[in-house]
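Working notes for the structure below.
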Amino acid sequence: MAREPRERADREERDSEFVDRLVHINRVAKVVKGGRRFGFAALVVVGDQKGRVGFGHGKAREVPEAIRKATDAAKRSMIRVALREGRTLHHDVNGRHGAGKVVLRAAPQGTGIIAGGPMRAVFEVVGMQDVVAKSLGSSNPYNLVRATFDALKNEDSPRSVAARRGLKVSTLQARRRDADASEVAGAEA
């Protein structure tokens, strides 16, 4: 019995490291004999602002309970995103889910988050500071969040690419600089 308060305190401390954003609330109705029974569906994104992020969906008869369920689901489905200098993406990436398509582009320092509602919430909780994003197709917040997560899952860091190819990171980046220099020389000629 003495350990229970300490476990609860540890759980609260662990939960306090996460930032959560409510993306969307939808009122849903179940038609039953005698009328409609109303409930609420919530979409929440949760992150630690250091590269970990997750999203969750919860339904309940009351809004706070739906948000709590969605937050718990988001904490269970966290993914890690590789950030360059802790502020932006390593490379441009596309993602899609259903009819929702997103294009995410790395941006120079000081650009800020240029993105629409549901995508902006994801970038804020993941800790990204400079990114340019465009949503195409569906504007459904559920599909946009899932498409954004699809894009973030396809994001690779130079370290992971080098490990996969059996190279050193410095060799990989030197090749990239050489390729960029040859493109500039080709454009000037």
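Can you tell me which of Ala179, Ala73, Ala163 moves the most in a GNM of the chain? Springs connect C-alpha atoms under 10 Å apart. Highest fluctuation among the options: Ala179. In this structure, the amide hydrogen of His97, modeled 1.01 Å from its nitrogen in the peptide plane, lies closer than 5 angstrom to those of Ala147, counting only residues at least 5 positions away or on a different chain. Anyone know which of Ser157, Ser139, Ser170 comes out most mobile in the 10 Å Cα GNM of the chain? Largest GNM mean-square fluctuation: Ser170.
For Ile113, the residues 5 or more places off, or on other chains, whose built amide H falls under 5 Å of its own are Val131.
For the range 81-158, averaging the sequence separation of C-alpha pairs within contact (under 8 Å, six or more residues apart) and dividing by the residue count gives a relative contact order of 43 percent. Across Gln49, Gln173, Gln109, mean-square fluctuation computed from a Gaussian network of the chain (C-alpha pairs under 10 Å connected) peaks at Gln173.
Explain nothing, just the number: relative contact order of the chain, from Cα pairs under 8 Å at least 6 residues apart, as a whole percent. The normalised contact order for the chain reaches 17 percent. With equal scatterers on the alpha carbons only and no solvent term, can you work out the Debye log10 of I(q)/I(0) for the range 81-158 at 0.20, 0.25 1/Å? The Debye formula, applied to the Cα set alone, gives -0.75, -1.16.
The long axis of helix 169-188 is offset from the longest Cα principal axis of the chain by roughly 70 degrees.
Taking GluC sites (Glu not before Pro) in DSSP loop states with no more than 15 other Cβ atoms inside 10 Å as exposed sites, the chain has its longest site-free stretch at 86-189.
Only loop residues by DSSP count here, and only those with at most 14 other Cβ atoms within 10 Å; note down the trypsin sites (Lys or Arg not before Pro) in the range 59-98 that meet that.
Numbers: sites: Lys59, Arg61, Arg68, Lys69, Lys75, Arg76, Arg80, Arg84, Arg87, Arg96; in loops: Arg61, Arg87.
Answer by residue number: Arg61.
In the set (i) 20.6; (ii) 18.8; (iii) 17.9, the label that goes with Kirkwood radius over Cα pairs in Å computed for this structure is (ii). Close amide H partners of Asp48, meaning residues 5 or more places away or on another chain with modelled amide H under 5 Å apart, are Val19.
Here, each number is a calculation from the coordinates, and none is a lab measurement. Keep in mind that what you see is a predicted model, and the values were worked out from it rather than measured. Cβ: placed from backbone, ideal geometry, glycine included. Neighbour counts: every protein chain shown.
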